[in-house]
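A short worksheet on the structure shown next.
The values are calculated or read from the model by the stated rules, or taken from the named source; none is laboratory data. Predicted model only: the values in this text are computed from it and were never measured. Because the Cβ atoms are built from the backbone with ideal geometry, glycine has one as well, and the counts that use them run over all protein chains shown. In case anyone asks, the SASA skips ligands and DNA or RNA and just uses the protein heavy atoms, side chains included. Shrake-Rupley method; radii C 1.70, N 1.55, O 1.52, S 1.80 Å.
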Amino acid sequence: MDTKEYISSGIIEAYVMGLASEEEVSILMCIRKHNTEVEQAILEAEMTFEDLATSQAMSPPPELKAAIWNKISSQETTNSSPLEPQVEDSAVIHELPSSATEKPIRSLASRNWAIAASILLVASIGANIFYHNQSINDQDMLVQALVENQSTQQELQHFQEKWKLLQDPVIKTVTLAGVEQHPQLKAHVFWNTKTTDVYLSLENLPAAPKGKQYQLWAMVDGKPVDAGVFPLGKTDQVTIMHQIPKAQAFAITLETIGGNPTPDLTQLYVMGNT
């Protein structure tokens with residue numbers, strides 16, 4: 001992961017909000033010592049959160065000041081000395097300048113409200129990050145499901161094409177079995193004996209290696225006749241090949257791209273009689 005990916009991963013925001021694990025914090029502290037971009041990103045994130053907390057801070061309601069003042073006044077009255085007249089205490093209290101009593105109260109209450117607002121803000125940002133990541137995961141799952149659905153639809157379409165050919169009474173199906181070197185391989189030739197059209201399905205033949213291409217041959221009176229090359233990268237499809245009026249067998253070899261006029265029998269993969 002490069003520096004930009006690391007910065008955009010959300011670990012810095014999690015660290016500033018106190019949500020990162022000890023391992024994540026340890027790694028981040030190590031990186032920030034040697035990476036000025038990460039250090040700058042941390043400072044910017046801290047400033048951003050401080051600015052947000054300040055902007056979201058709320059002034060205490062007016063009735064809170066009166067309630068606190070009444071509470072202080074009642075405590076002062078209760079704790080006053082019996083040798084001193086109560087009226088004098090009251091007078092002393094009320095003679096205090098308003099700025100001397102209101103300022104610390106307002107400062108303490110404002111700070112508490114700012115802290116509470118900051119906590120709510122951090123929780124809100126954390127929730128947004130969580131749901132954002134969850135949304136990304138949901139989108140990835142949706143894309144994967146769409147890809148899998150598309151693949152399933154393609155497989156179904158290919159199966160329907162084969163089934164249609166199998167149900168046609170003029171179609172002759174020729175199974176090409178793997179030769180001694182490739183016993184597990186198989187292919188099918190669907191030969192229209194009326195129109196002489198030939199369709200080829202490679203079944204489980206692997207994708208042709210780079211620079212190579214599968215080529216179909218029709219054995220006519222003991223001689224191989226080119227029946228066309230199979231398209232590259234489409235081993236799972238049924239493909240129409242060259243028309244063949246007659247044949248005693250079909251075979252598939254692996255040739256250079258574009259095909260050859262004669263087959264390379266050392267690269268013979270499957271064959272079958274008609």
Looking at Tyr199, Tyr214, which one is open to solvent by less than 40 Å² (accessible area, probe 1.4 Å), assigned to a strand (DSSP E or B) and hydroxyl-bearing (Ser, Thr, Tyr)?
Tyr214
Yes/no for Gly233 being within 23 Å of Pro183 (Cα to Cα) and either part of a loop (DSSP other than H, G, I, E, B) or without any contact (Cβ under 8 Å) to a residue 60 or more places away in the chain (or both):
yes
Could you give every pair whose Cβ atoms fall below 8 Å, whose first residue belongs to the stretch 184-195 and is open to solvent by 60 Å² or more (accessible area, probe 1.4 Å), and whose second residue is assigned to a strand (DSSP E or B) and basic (Lys, Arg), counting only separations of at least 6 or pairs across chains?
Thr193/Lys172
Among the numbered criteria (1) surrounded by 13 or more Cβ atoms within 10 Å (Cβ to Cβ); (2) part of a helix (DSSP H, G or I); (3) modelled with pLDDT of 70 or more, which single criterion is violated by Glu161?
(3)
Counted residues in the stretch 238-258 being farther than 14 Å from Lys172 by Cα, outside any strand (DSSP E or B) and either touching a Phe, Trp or Tyr at 6+ places or on another chain (Cβ under 9 Å) or among the hydrophobic types (A, V, I, L, M, F, W, C) (or both) come to 2
Mind checking whether some residue in the stretch 248-255 is of a type outside the set (Phe, Trp, Tyr) and touching a His at 6+ places or on another chain (Cβ under 9 Å)?
no
